[in-house]
1. Which one is surrounded by the fewest Cβ atoms within 10 Å (Cβ to Cβ) among residues in segment B:306-350 that are touching a residue at least 24 places away in the same chain (Cβ under 8 Å) and not in a helix (DSSP H, G or I)?
2. Sort out which residues of segment A:410-423 are modelled with pLDDT under 90 and within 7 Å of another protein chain (Cβ to nearest Cβ), and write them in order of number.
3. Would you tally the residues in segment B:478-515 being crowded, with 16+ Cβ neighbours inside 10 Å and not hydroxyl-bearing (Ser, Thr, Tyr)?
4. Please enumerate the residues belonging to segment B:592-616 that are without any contact (Cβ under 8 Å) to a residue 24 or more places away in the chain and closer than 18 Å to B:LEU549 by Cβ.
5. Based on what the data block shows, is B:VAL719 touching a Lys or Arg at 6+ places or on another chain (Cβ under 6 Å) and more than 7 Å from chain A (Cβ to nearest Cβ)?
6. Strands (runs of 3 or more DSSP E) wholly in segment A:317-419 with at least 2 residues that are more than 27 Å from A:GLU270 (Cβ to Cβ) and in contact with an Asp or Glu (Cβ under 7 Å, 6 or more places away or on another chain) - which ones?
7. For the condition out of contact with any helix residue (DSSP H, G or I) (no Cβ under 6 Å at 6 or more places or on another chain) and surrounded by fewer than 20 Cβ atoms within 10 Å (Cβ to Cβ), what is the one hit in B:GLU180, B:GLU249?
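The values are calculated or read from the model by the stated rules, or taken from the named source; none is laboratory data. All figures in this text were calculated on a predicted structure; none of them were measured in a lab. A quick note on method: Cβ atoms are made from the backbone with ideal geometry, for glycine too, and the neighbour counts reach across all protein chains shown.
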Amino acid sequence: MLDIELGSSSRTCDGMHRRGFLRLGSLAFGGLSLAGVLANQSFAAGHSNRKAVIQIWLAGGPSHIDMYDLKPSAPAEYRGEFRPIPTNVDGIEISEHLPHQAKVMDKLAIVRSAYHTNAGHGMGSQWMLTGWQPTIEVNNNIFPACGSVVSRLKGANDPALPAYVNLPNMLGLGKSAYLGASFNPFAPDSDPNNDGFQVRNLKLPGRVDPARLENRRSLMARVDTIRRDLDTKSDMQELDKFYAQGLEMVTNDKTLKAFDIKAEDPALRERYGRNDLGQSCLLARRLVESGVSYVTIQAGGGWDTHGDNFKALKDNLLPKYDMALAALVNDLAERGLADDVLVMAFGEFGRTPRINPGAGRDHWPGAMSVVYGGGGLKMGQAIGETDSKAEAPISKPYTPGDVLSTMYRVLDIDYRHVFYDEARRPLPVLAEGNPIPELV
Amino acid sequence: MLNSSRELFQLLVSSEGNDVTQQASYQSSHPEIATVDARGSITSQAAGEAKITVTMGDASVEVPLVVNADSGTRQVNFRTDIQPLLSRHGCNSGGCHGKASGQNGFKLSLFGFDTEFDYGALVHEARGRRIDLAAPERSLLLTKSIGSVPHGGGKRIETGSDAYEMMLAWIQNGAPRPTEETPRVVEIQIEPAERILQPGALQQLRVTANYTDGTTRDVTRNTDYGSNVDVVATVDEQGGVTAGEQSGEATIMARYMGQVAVFRAIRPHGAPLAELPEFEPRNGIDRLAAEKWKKLGLRPSPPCDDATFIRRVTLDLTGRLPTVDEVRAFLADESPDKRSQLVDRLLDSPDYPAYFALKWSAILRNSRLAGADQAAYAFHNWIRDNIARNRPYDEFVRGIVAASGEWQDAPAINWYWQSRDDQLHMVTADTAQLFLGIRLQCARCHHHPYERWGQEDYFGLAGFYARLGRKSFGQPPPYYNSSKNTTGERNPLTNQPPTPRYPDGEEAEFSPEQDPRHGLVDWMSQPENPFFAKAFVNRMWGHFFSIGLVNEVDDMRETNPPSNPELLDYLAEEFVTSKFDMRHIVRLITTSRLYELSSAPRPENEYDNQNFARFYARRLIAEVLLDAVDGTCETKSNFGNISFNARAVDLPHEGFGSYFMDTFDRPQRVSVCECERSPGATLAQVLLMSTSDEMENKIADGNGRLARLFKEETPVPTVVEELYLAAFARFPSAEERQVGEDYLNSAEDKRKAAEDLLWTILNSREFVFNH
């Protein structure tokens, strides 16, 4: 046991500035790491690690029982038509339609026993993307998305790049809520699989060449001379900073290169899959390499398979997703980034194990599978177990807070850090949950 | 006079008007009767008499003290003694055991609002391990608190501290349950109430609790303190305030057993002023603002020039930039009252109701959720019409709160429709926030932590909506007043449907034919209503001055007092006596000298951010900025399914796609809070403004301003001048003319050079801020 005097600037779990002690007894899980505490105390001075997260968001709710948690001995109206196949880890089987992932199972970990209790898309999504279950169904963030939190508490690994990026477009529930607009995601708004891929507004308009932009900048220095202290919140100066960063990004090679997916080896682009998801995954890898700290990729909206579940999965959804995720974890491993970059894939919930009359499956938050790759976590395992029909965890039930605190832990972010919303309500990053012990 | 059983009393010592409680030294003549610590806090020990000697430099004072014998062994009481400790040490806060899910299986009511619940949780749950009557020292309550067994919240108190001894004594007494007779705290008082403090000055506070049985007790050491502006003043756990380096005002909140009181720490900007010759008040706003400045030693910035004024007031009243012609005419106008004439002209123009309809429509959540497009148009137009005709505000509110019928007749039912059936309870908190300036949503589940509002207040207000019925057809469906309870909501305190009770007032009764919602508006619009008028005038103040007199504008509470209470009272009074004339308040504000002040700080007010000694600049909101860009470029944005002439501020709901407006944080209308708009800057905004095709196309538009100027073969000096007039509502300075003309004249392609100049102007801080 070790008592650490954190001084009067530390925040205790009730969010008040107060002199307090932190007891570090069992560091295995459940508590803060010392590094996390110190890093958070000095987050304004810059977070020192280069860790990053790539989140693949399977919007609509991916079918756990057809992907990672197959039940071949369940009755026919449950088990569906897919067969399990072995993977490169003994004893772990996944769907026959995830053959690429089966070959890299040693670089992945599946949590089969995640669950929550809200079967609505909006509320379930907000819960899984923020860690908080909203009380109303709205199409906007009431709580900040994880990427916004990371942007606020850690920032970008390289200041020339945005901290938090959504690919290819802005995610509806990926925003910053009470953290303020500055922590919203940056999105290219363009499909990286297209030959004409172009980050929105990052390329100069046709009529404006770099020389002309330079003329404008120098003219600006002589025209835009109004005092910067006319407001009380430093918004004017803040805007100056974003102008410096923005115009730098447009002209700086580093940023343009980070987004320049065409610089990738065509063979590698093929391995990821020549489609929006595959190329978004590849672009995400380029971005985190260059200094983005959190990327959320939208893996299409087709996962809400109420009808024709099996056809949609095997013909469309799974092949793209299978290739992209497998290529990503392989690529990261080959580049020695497996420990620095955490990949996560999940949606807002699982799907009803009982097949509906339209050969589809409906919303099912009672059990869902969550996939992790890298991040220095323990890979090559399947964690937790659901009952014989994949309806509910029978061991190691894990909540959204557990799932997300595992990610924050990889980034060394204190997920009990308290923010205040507009009503001055103290809101910790996560109100519940602890890192999944089998992974850390 | 104290009782013998470890009662506390905080001395407050001052010398020449300054608090020296923390600098003085203290000695007790009879420590066995009463001890005193270095901070002047006396603790009684036994019956008898003693003297406390207070020494400060050469001076000393003796304080005689009588300690009365107690009637017996002191009974430590759960409600009066133990619960305050749980609050004081953060155990029942929202981040720990006070949150809805508790912490590690142990849940307390938030900040101790529910004594019965907390007693049960401590004494009866966890198989009695939290309280061990057989071995009191082994009670988890104690061992967790001192950290001798692992505790997620760490060590909270020291073994042997007063708090420890108090809890131990209570357990040793058998952890008695509080009874109905146990005194409750009815209010707390803080001494002093307000002080002017110089940098680094210390001020000790004393907090006294009054109980239902008429007794009082010094609770200085068991109160929870907080400052709302740390850089102005901080407060420690023992109620010691330290003034900071920055001038301004801080509110120190003291919270004890659900009651709050505040101390106002004033760090003056300079020595008090007898006169402010440079500022001659024009109306009550000016007079009361100036009174405050004198007290704080603040001097106002000079009035802004005419150009700044026409830009400022046109943006604030109509959400658009003044046109080049308007600016030229105004600057040339020599009449002495041209500013107030301008205000009247703008208020009479259709642009004023258009802009304020946007403002209200956003916070009234006028949305087209589930495709109620027509209803959203109707509600928007209804709001605009009310403002155009300047209907009294209470009638406007009645049209919303008591809306009944089909949307064609009562478009405001779209407000109810936004909450559907499953969230209909939201109208209760929304009513409080919108029209009373009270944030009551917390009190649905627990006592408001910073205010006196509890669940009985929330469900009292909910009672007015409990009979709101709706038909099952239409988008939105008709709403009506039912004779029976319809919402199915239950007050958890009574397990009955909520019954109407006015906030801070009496129960209300309504016959089945009466619509309780009308009763609610009747109550609101009474002249003496303490919330209604203030909430409106404060919201308007926030609109014109960037922040409210109470800020945020809809968060009025004791612990968030107005920066200038007299000024808020004056405006509320004006509003009431004018029979809720919205335009009267708007005109009072915009014709005040205060509103005309320059935003440029001077040394005597550079740290002022609460008292409006200068105008506080702010970024244009999304819709207004887009209109300003289009106005400057003489272009139109196409919003799709609406008149081609519609400006962004005219859009009736949020459903018109616009990357521009979304990038500048147009609200989605999911909240009644004005804070749904964020002024924060983002990278995407900068890229949009500086390197997007969208902006470049506006700048170089074939039918835009530059195209016209070049087609008309306008001379270069006039081109430069017109761009400044259109964007900044002012003529360029001689130097700016020189820079602009040189840039155009030296370019091969003057049109392109003019585009560069326009780009520069649109990307300048002067353009995107109202200053």
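1. Per the criteria, the residue is B:PRO350.
2. A:GLU422, A:ALA423
3. So the answer is 13.
4. Across segment B:592-616, there are no qualifying residues.
5. no
6. Hits in segment A:317-419: A:381-383, A:393-395.
7. Result: B:GLU180 is the single residue among B:GLU180, B:GLU249 that is out of contact with any helix residue (DSSP H, G or I) (no Cβ under 6 Å at 6 or more places or on another chain) and surrounded by fewer than 20 Cβ atoms within 10 Å (Cβ to Cβ).
Let's see how each residue does on (1) hydroxyl-bearing (Ser, Thr, Tyr); (2) surrounded by 16 or more Cβ atoms within 10 Å (Cβ to Cβ); (3) touching a residue at least 60 places away in the same chain (Cβ under 8 Å); (4) at the interface with chain B (Cβ under 10 Å from one of its Cβ atoms):
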{"site": "A:PRO159", "(1), (2), (3), (4)": "no, no, yes, no"}
{"site": "A:GLY196", "(1), (2), (3), (4)": "no, no, no, no"}
{"site": "A:GLY206", "(1), (2), (3), (4)": "no, no, no, yes"}
{"site": "A:SER218", "(1), (2), (3), (4)": "yes, no, no, yes"}
{"site": "A:PHE259", "(1), (2), (3), (4)": "no, yes, yes, no"}
{"site": "A:ASP265", "(1), (2), (3), (4)": "no, no, no, no"}
